[in-house]
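Student: Just passing along the structure, written as structure tokens.
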Amino acid sequence: MDRKFLVTRPPGKGLLLILTLLLSLPLLSGATALAQGVLQGTQDGALQIVRSTEEFLAPEAIYGTVHVVPKAADGENALIYFPPGKGEVSTDVVTYKLAGKPDEIITVKVDLRGEPGAFGSTEIYNESFKAVFILFILAVLVESGLQLIFRWRPYMRVFNTSSSNALIAFAFALTLVVMFHLDVVTNLFNIYTRPVAPEENTIPGYILTAMIIAGGSAGVNRILRALGFRPIEPPAEIAGPTREDQAWISVMLTRKNATGPVDVMFGKEGELAVIGTIAGQGRMNALSSLFLRNRSRFPSSGGYAVPVGGPYMVRIKTAGVADPDDPPDSARKSEASWGPNLIGNRAIIDLNLTL
């Protein structure tokens with residue numbers, strides 16, 4: 001099949017320069033392009049493009065072949081188009097010149113669909129398979145390459161990988177599809193809807209193609225689940241603990257007087273044990289908390305698994321609350337608590353404590 005989804009072109013220096021060159025091509029070649037119209041043909045028969053008493057110059061087609069039959073009828077020359085193999089293309093373009101106007105290039109579009117609708121032909125399945133195969137290969141390559149960054153320890157310590165990974169992967173994939181003019185989605189819509197004048201690459205097509213590539217193997221997994229080949233499982237952060245005898249807790253620290261590390265303790269009253277430490281110095285705004293790890297939260301993302309029942313307490317405690325300028329007998333708050341409370345099965349508890 002001659003239709004190509006993957007077209008590699010070197011990136012231009014600027015959109016304005018590209019448009020200027022494209023508009024100036026007819027002037028540079030010394031020929032004027034004229035559009036004659038669209039002719040309906042079939043994939044298994046010849047088609048007469050035009051008849052003329054003048055001689056045809058430089059007749060050619062992109063996919064099929066063109067022949068000139070001299071003195072075919074009434075002394076006129078006939079330009080005959082022969083399509084390529086059946087099922088290979090649905091549209092073609094024929095160009096020619098007339099001897100009387102050698103500077104004018106006449107363009108004729110040939111529609112080879114025969115009957116309206118693409119869903120009864122094999123072309124739709126062939127092109128769809130090509131598109132899925134291209135997207136699968138590119139998704140695996142992009143995902144494999146980005147793993148070098150996503151698994152880099154400094155990156156993992158600074159960024160919230162559950163949200164920042166998707167943004168970085170999408171930006172990288174969008175750069176690739178725009179640079180190499182890869183718009184699989186628009187090409188597929190052209191095959192499914194079969195317009196007389198196919199759409200060129202579009203911004204929505206670029207974006208959706210980039211999103212599919214950025215999805216990587218996870219995107220392929222979602223496609224398999226949507227088709228019923230794999231069971232649908234909700235993400236862990238949405239479903240919560242999978243065990244009935246566990247719950248999740250998280251603690252957000254708002255610093256008022258505390259300085260230095262703050263211990264997070266959990267357990268029954270009188271049996272508290274340290275389960276983590278908060279070293280962050282302040283709260284984050286809503287935007288930064290989406291992409292950066294929150295060092296003022298324990299754990300920095302997700303939840304900490306604890307047993308159900310109780311009653312249990314959560315306490316944060318620090319010794320770093322003194323101020324050299326305070327009077328010797330002054331006392332500052334050194335701990336804050338939640339509970340004791342009973343904890344239900346698979347509970348998700350988010351605490352915000354000030355110290």
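The values are calculated or read from the model by the stated rules, or taken from the named source; none is laboratory data. Note that this is a predicted model, so its numbers are computed, not measured. Using ideal geometry, Cβ is built from the backbone for each residue, glycine included, and neighbour counts are taken over all protein chains shown.
Student: Is there a residue being in a strand (DSSP E or B), modelled with pLDDT of 85 or more and surrounded by fewer than 12 Cβ atoms within 10 Å (Cβ to Cβ) anywhere in region 46-59?
Tutor: Scanning region 46-59, I find at least one residue that is in a strand (DSSP E or B), modelled with pLDDT of 85 or more and surrounded by fewer than 12 Cβ atoms within 10 Å (Cβ to Cβ), so the answer is yes.
Student: Tell me yes or no: at least one residue of region 76-83 is buried (at least 17 other Cβ atoms within 10 Å of the Cβ), closer than 21 Å to P198 by Cα and modelled with pLDDT of 80 or more.
Tutor: Yes.
Student: Residue check, D183 against (1) surrounded by 13 or more Cβ atoms within 10 Å (Cβ to Cβ); (2) in contact with a strand residue (DSSP E or B) (Cβ under 9 Å, 6 or more places away or on another chain), all met but one. Which one?
Tutor: (2)
Student: In region 117-158, what residues are surrounded by 13 or more Cβ atoms within 10 Å (Cβ to Cβ), at pLDDT below 75 and either of a type in the set (V, I, T) or not in a helix (DSSP H, G or I) (or both)?
Tutor: A118, S121, I124, V158
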